[in-house]
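Taking it in order: structure first as structure tokens, then the write-up.
The values are calculated or read from the model by the stated rules, or taken from the named source; none is laboratory data. Just so it is clear, the structure is predicted and the values come from calculations on it, not from any experiment. Using ideal geometry, Cβ is built from the backbone for each residue, glycine included, and neighbour counts are taken over all protein chains shown.
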């Protein structure tokens, strides 16, 4: 069963913990331990696990792309929503512009636009959108950024949800084939 969760107040997908705030997976306890287990299960859908840390799982895809998967923290009152993040370093020769983020402006799947203060050129962003558009139309994406030569995706699937009353611990499933479609998007942007 797949559920869609939007961005939760106090959390900006793909940015990690706020300065001075501990990462959501840095602690210990039943909620965090189950979230780490869920992250490992999600990571295995992308390739071979090459390493784990307290806050991330590293994966190598069948074609050698190194990915880092983690959870961005969300609401902390009576529930927690951990949004999955999948990130990869872009190759030095990639033409993907830095300082862009995914926006949902009535276009199916969204499109990339310059982030505030970005020096990304319109032509470069247009090329990125031309390459990414068909892929973005096939996945459920909350957010995506290209910053500091790192592509970060925050899909809806693969998230982890904990609710206090009634007690529910749930890793949200991807729609069938979604991890492969996310990898296709990553490959397309890396090859730009």
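Within the option set 27, 64, being surrounded by fewer than 16 Cβ atoms within 10 Å (Cβ to Cβ), within 23 Å of residue 139 (Cα to Cα) and at pLDDT 80 or above holds for one residue only, 64. Looking across segment 48-89, the residues that are in contact (Cβ under 8 Å) with a residue 40 or more places away in the chain and part of a loop (DSSP other than H, G, I, E, B) come down to 61, 63, 65, 73, 74, 75, 76, 78. Considering the conditions (1) buried (at least 22 other Cβ atoms within 10 Å of the Cβ); (2) modelled with pLDDT under 95; (3) on the phi < 0 side of the Ramachandran plot, residue 158 is excluded by exactly one of them, (3).
Looking at 42, 32, which one is more than 14 Å from the chain's Cα centre (by Cα), surrounded by 15 or more Cβ atoms within 10 Å (Cβ to Cβ) and either at pLDDT 80 or above or in a loop (DSSP other than H, G, I, E, B) (or both)?
Details: 42 fails: more than 14 Å from the chain's Cα centre (by Cα).
Matching residue, one of 42, 32: 32.
Of all residues in segment 123-144, how many are touching a residue at least 60 places away in the same chain (Cβ under 8 Å) and over 11 Å from residue 97 (Cβ atoms)?
Applying the first criterion (touching a residue at least 60 places away in the same chain (Cβ under 8 Å)) to segment 123-144 yields 127-128, 131, 140, 142-144.
Now restrict to residues that are over 11 Å from residue 97 (Cβ atoms): 131, 140, 142-144.
Selection size over segment 123-144: 5.
Considering 102, 164, 151, the condition of being modelled with pLDDT of 95 or more, in contact with a strand residue (DSSP E or B) (Cβ under 7 Å, 6 or more places away or on another chain) and either loosely packed, with under 15 Cβ neighbours inside 10 Å or farther than 21 Å from residue 56 by Cα (or both) is satisfied by 102 alone. Reported count of residues in segment 90-101, each being in a strand (DSSP E or B) and within 20 Å of residue 181 (Cα to Cα), is 1. So for segment 102-122 (the condition being within 16 Å of residue 143 (Cβ to Cβ), part of a loop (DSSP other than H, G, I, E, B) and in contact (Cβ under 8 Å) with a residue 40 or more places away in the chain), does at least one residue qualify? Looking through segment 102-122, none of the residues is within 16 Å of residue 143 (Cβ to Cβ), part of a loop (DSSP other than H, G, I, E, B) and in contact (Cβ under 8 Å) with a residue 40 or more places away in the chain.
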